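Enquirer: Could you have a look at this structure, given as structure tokens, before my questions?
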Amino acid sequence: MKAGTFFVRVWRILSIIGLLFALFNSYISYPGEVAVRFDERGAAIQYVDRETIFYIAVALFLINNTLINLVARLFLRLPTAQIPVPHHSVWASHRSELNEVVTNWFYALMAAINTILALGLSVLSFLNRSDRGIQQVDYAWLLPLSTAILVIVLAALPIRLFIKPSADA
């Protein structure tokens, strides 16, 4: 197994475990009404029922993992001639490596979404703790980190496809 494949598989499994942990941990720690919007002074201005957040997160988890897994499996059935990749003639003779690259990318996308959702639930849990005040350090890192994760994952496939497959594959 290649290092990239191993990394993506481990990340995917850890993201699922982490999301499930964050989901149940945050549900337990949420008050009945969860503050989801705050004004510039840190006072809550909008609330959502904790069951609503729980079920939305579960739905996002199921949709993300089911649809991306389905698309990854459908890619394997796509005829080689219909795959729009750079260096098509080179990749056509290395279909198994192409399948691995694209499947890993779909699994990385799945893991990225799971990771971002888990981080978001954790931040929401931190913001709704009554034992401490809201500080920007509690959540300011979430948007840049989420953006970085998505940009890296989304850019990885085109970059990898422009690199020609290895000769021994």
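The values are calculated or read from the model by the stated rules, or taken from the named source; none is laboratory data. Remember, predicted model here, so these are calculated numbers, not experimental data. Methodologically, a virtual Cβ is constructed for each residue, glycine included, from the backbone with ideal geometry; neighbour enumeration extends over all protein chains shown. These accessible areas exclude ligands, DNA and RNA; they are computed on the full protein's heavy atoms, side chains included. Shrake-Rupley method; radii C 1.70, N 1.55, O 1.52, S 1.80 Å.
Enquirer: Could you give the angle, 0 to 90 degrees to the nearest 10, between helix 50-77's Cα long axis and the longest principal axis of the Cα atoms of the chain?
Expert: Value to nearest ten degrees: 0.
Enquirer: In degrees from 0 to 90, rounded to the nearest 10, what is the angle of the helix 142-162 Cα long axis to the longest principal axis of the chain?
Expert: It is inclined by approximately 0 degrees.
Enquirer: Kindly report the accessible area of the chain per residue (heavy atoms of protein chains, probe 1.4 Å, no ligands, DNA or RNA), in Å². Mind showing how you got there, number by number?
Expert: Details: 10150 Å² over 169 residues.
On a per-residue basis, the chain sits at 60 Å².
Enquirer: Moving on to the next point. Using packing as a proxy for protection, rank 35-43, 91-99, 113-121, 1-9 so that the peptide with the highest average count of other Cβ atoms within 10 Å comes first.
Expert: The peptides rank, most packed first, as 113-121, 91-99, 1-9, 35-43.
Enquirer: Once ligands and nucleic acids are excluded and a 1.4 Å probe is used, how much of Y30 is accessible, expressed in Å² to the nearest 10?
Expert: The value for Y30 is about 10 Å².
Enquirer: Roughly to the nearest percent, how much of the accessible area of the chain is carbon and sulfur, given a 1.4 Å probe?
Expert: Ligands and nucleic acids excluded, carbon and sulfur reach 69 percent.
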